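Before any comments, here is the structure.
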Amino acid sequence: MAESGRASVESAGRLALSIVIPVFNGARSVGNLIGSLEDLPIPGGHEIIVVNDGSSDDSLEVLLALLDRTRVPMTLINLARNYGEHNAVMAGLRHTSGAHVITMDDDLQNPPEEVQRLLSFTQRSGKEVVYTYYKDKRHSTWRNFASRFANRVADFVLDKPRGLYLSSFRCISAFVVREITRYEGPFPYIDGLILQITQNIDRLLVNHLPRAVGRSNYTTRRLFRIWMNMFVNFSVMPLRISTLSGFILSGLGAIGGTIVVGEALFRSPPPGWASLMAAVLLLSGVQLLILGIVGEYLGRLYLTINGKPQFVVKEVLTKAT
């Protein structure tokens, strides 16, 4: 299998690198980003794939203008509405032809010059995937907290190597991209798919800049949706936690029942209203939580079976140079 994967990488396409950029309301930053990426001296050549993820600003108009004057091969994928970052990246991955693919955000927090260093490191190391990490991460406090929490959960449910930071700025081999794009479900989580495919992963320290313009598009709701995609779609751990919780609570209930019977036989039983209500509320809360987890699995299964789309492409425009 290793030899087959290596062969597919070597014959994946004409170019050395494809750069995939999901764009959501990034009109003020994406022009500077693409202008810098065009000028990179990549041996073997590179292409840029931008995915307009239902932007409500004039991102599409900016991207169309950039497509007209681009100096490197460029593909513009316009989605019918906003589907989320990971769905947009999946759309971009399906249009890549490079031997390696780098994914990055449109906010200029990852310096474009780091792209060449990331590609060179990946080529030298021979790793299938290289994630980046930051000595000083320039996100807001709550965003950093959410990222740390998501990475800790990933350690638990995804069999992620300890210390690996799941950054959206990553380099992936064509072999892994090919396997990722086999997934057609409506709830993709790129890092979960990567970790299902390979453990041949490394990391590279890069710079992280303050956001150049605007503010993060990641709301609490969006972060929670991504976290749920990771927690539910790529692991049965929540169901196992539910089962373990049931066993523990059943054991505690048996102990409590024995104590209550003992007190009724040998002592005057206390009124016990407060303890009874506390037990009822605790048990009913846990039961509803477990029911909610099971319902989330069933709901996602229902949507998948009924053909909920991963994304809908409205148009694809390509310019070869």
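The values are calculated or read from the model by the stated rules, or taken from the named source; none is laboratory data. Computed from a predicted structure; not experimentally measured. Positions of Cβ are generated from backbone atoms using ideal geometry, with glycine treated the same way; all protein chains shown enter the neighbour counts. Heads up: the accessible areas ignore ligands, DNA and RNA and are worked out on the full protein's heavy atoms, side chains in. Shrake-Rupley method; radii C 1.70, N 1.55, O 1.52, S 1.80 Å.
Quick notes
- Once the Cα-Cα distance is subtracted from the 0.36 nm per residue extended length, the Asn207 to Asp155 segment shows a gain of 16.3 nm.
- Environment charge at Leu164 (Cβ cut-off 10 Å; Lys +1, Arg +1, Asp -1, Glu -1): 0
- With each label modelled as a point 7 angstrom along the Cα→C-beta vector, the Ser56-Arg182 pair spans 3.9 nm.
- Simple spin-label estimate for Tyr302 and Ala65 in nanometres, 7 Å along Cα-Cβ: 4.6 nm
- Alpha-carbon centroids, segment 95-122 and segment 14-47: separation in whole Å: 8 Å
- Here r is the Cβ-Cβ distance between Arg81 and Val280 and R0 is 56 Å; the resulting FRET efficiency, rounded to 0.05, is 0.80.
- For Arg170, nonlocal amide neighbours, meaning residues 5 or more places apart or on other chains whose placed amide H falls under 5 Å from its own, are Thr103.
- Loop-located trypsin sites (Lys or Arg not before Pro) in segment 46-122, at most 12 other Cβ atoms within 10 Å (DSSP): Arg71, Arg81
- Under a 5 Å amide H cut-off, with hydrogens placed 1.01 Å from N, Leu15 pairs with Ala99 among residues at least 5 apart or on other chains.
- Along segment 173-188 the Karplus relation, 6.51 cos²θ - 1.76 cosθ + 1.60 evaluated at θ = phi - 60°, assigns HN-Hα couplings of 6, 4, 4, 5, 4, 4, 6, 4, 6, 6, 6, 10, x, x, 10, x Hz to successive residues, with x for each Gly and Pro.
- For segment 34-136, radius of gyration divided by Kirkwood radius, i.e. Rg to Rh on alpha-carbons: 0.95
- Heavy-atom accessible area per residue - segment 20-66, 1.4 Å, Å²: 33 Å²
- In this rough spin-label picture, where each label sits 7 Å from Cα along the Cβ direction, the Lys314-Tyr133 distance is 4.0 nm.
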